[in-house]
1. Report, to one decimal in Å, the Kirkwood hydrodynamic radius for segment B:61-135 based on all distinct Cα pairs.
2. Which entries of A:126/B:126; A:233/B:126; A:96/B:126; A:96/B:93 have Cα-Cα distances beyond 26 Å here?
3. So for segment A:35-168, what are the equivalent ellipsoid semi-axes in whole Å, largest first, each being the square root of 5 times an eigenvalue of the Cα gyration tensor?
4. How much FRET efficiency would the formula 1/(1 + (r/R0)^6) give for residue A:212 and residue A:68, where r is the Cβ-Cβ distance and R0 is 30 Å, rounded to 0.05?
5. Within segment A:112-186, report the GluC sites (Glu not before Pro) that DSSP leaves as loop and that have at most 14 other Cβ atoms within 10 Å.
6. Ranked by Cβ crowding within 10 angstrom, fewest neighbours first, how are B:39, A:150 ordered?
7. Of all the C-alpha pairs in segment A:176-277, what % are more than 21 Å from each other?
8. Hey, got the Cα dimensions of chain B along the principal axes, in Å, largest first?
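Throughout, read-outs are computed from the coordinates displayed, never taken from laboratory work. Given the structure is predicted, the values throughout are model-derived calculations rather than measurements. Positions of Cβ are generated from backbone atoms using ideal geometry, with glycine treated the same way; all protein chains shown enter the neighbour counts.
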Amino acid sequence: MKSAGQNWLATTKFSIRFRNVHVQEFHVSLMPLHRICFRAIRSSKIAVDIFKPEGSVALKDVSVTIPQAANIGDTITLQCHYDLEGEPLYTVKWYKGQREFFRYIPKELPSTQIFPYYGMDIDIGKSTPNTVVLRNVQQNMTGKYGCEVSTDAPNFYTLITSANMYIVQMPVGDPEVFVEKDIYEIGYPLKGNCSSPLSYPAMNLTWYLNGKRVKESFKISVSAPGAINEKRKPVSTIIGLEHEIDASTFKTGKAVLRCSAEFFHLYQRHAEYTVEEERPRPRPSSVLGTRDASSETNRMPCKSRSK
Amino acid sequence: MTLVLLKLIAPQLITHGSVTIVHIEVVAGEAVYLPCDISTQTSNDQVALVLWYREDLGTPIYSVDGRDRDFNLAERWSDENVFSNRAYFMPEKQPAELGVDHIRETDQGVYRCRVDFRIGQTRNSKVNLTVIGEY
């Protein structure tokens, strides 16, 4: 079969008689760009060879639909889509990491097979050539899931596609913002930090100052005190801020600092803190009251606000 | 040259996750033996199919199909555009090996061996083959 070349797909034979009227009409369904060749094999017989287009791979578009994040105890459907382009299917294999946990071989009975994986509960009744259903998922179901599709002999075209799934620990509460002080003068750095509630995996925090993104000065993950699960322990993300204040920071005398927290599509919260510009102090009137000489020498020169 | 020969005798074995990667260096023109463990986990199991892939290709470059017969009588096939008749599978070796004669510089690359068993889990292993040109 292989000797017919890599692009050979199938051959069909037909009988045709011309003079004694009977001419067989036949239909061949072809995929786009497929090529056919006619060969006379006996006086009244022809063979039709069907070829795939040059340079094409028969199996294509293997893709997986896997939830990026799910909660402990959820039922999850892993989907694998593929286009065999007319090739016969040999097998669909599912891997978690490098370990095969499910396979489908249509030629075998039973056609589906499960390989035990610690903590994995497959609903075999709901699993199909394209889907695997995982029941009551636990945190160790976090990982990379791959679907490998192979067509049958002679070509054994094979494609594998993977995606990550996290079994999450949902955060409870809001992020919190701390700043060094409430009132700032131009030229002074705005210092602070923002911490997220505990989650697994770590969530993303982003600074915004007056609605504009500001880069964090540091980013760390801190695990919960007394966390037992070493590998997948819940963590709090902390980001720092050290932003030089300039004339544009305080347009209305105030600036709004926002820390935005995002955890997949499951959680989106923010914390805000308003800081103020140090206002020019009213010039002490020489007419009213008495001057306090000591406070005068300690006072920093006030900058005039220019608009 | 001595160094190269030493590497041929003792290929580096590194495990990434649970896929074994063996690094092998060979001088162009020599023969190389690509290991692929086909041993079964249980005594009642049997190898059904061995597929060798080159990582940049979606089709196997060598196959040993024993799905509907005894594995010793399995049907062997080698891609004409890759190893062609230079390759021969040796299932009796421990571990089994794909021998390839007259290695060319274009043979350099990462090869994956997939072993499908009748009962057991599929086993994947990789060989990173470096071909040193003749100077």
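1. 13.9 Å
2. Those over the limit are A:126/B:126; A:233/B:126; A:96/B:93.
3. For segment A:35-168, the semi-axes come out at 39, 15, 10 Å.
4. 0.60
5. Loop-located and lightly packed - A:180, A:185.
6. Going from least to most buried by this count: B:39, A:150.
7. I get 37 percent for the Cα pairs in segment A:176-277 exceeding 21 Å.
8. The principal-axis extents, from largest down, are 49, 32, 26 Å.
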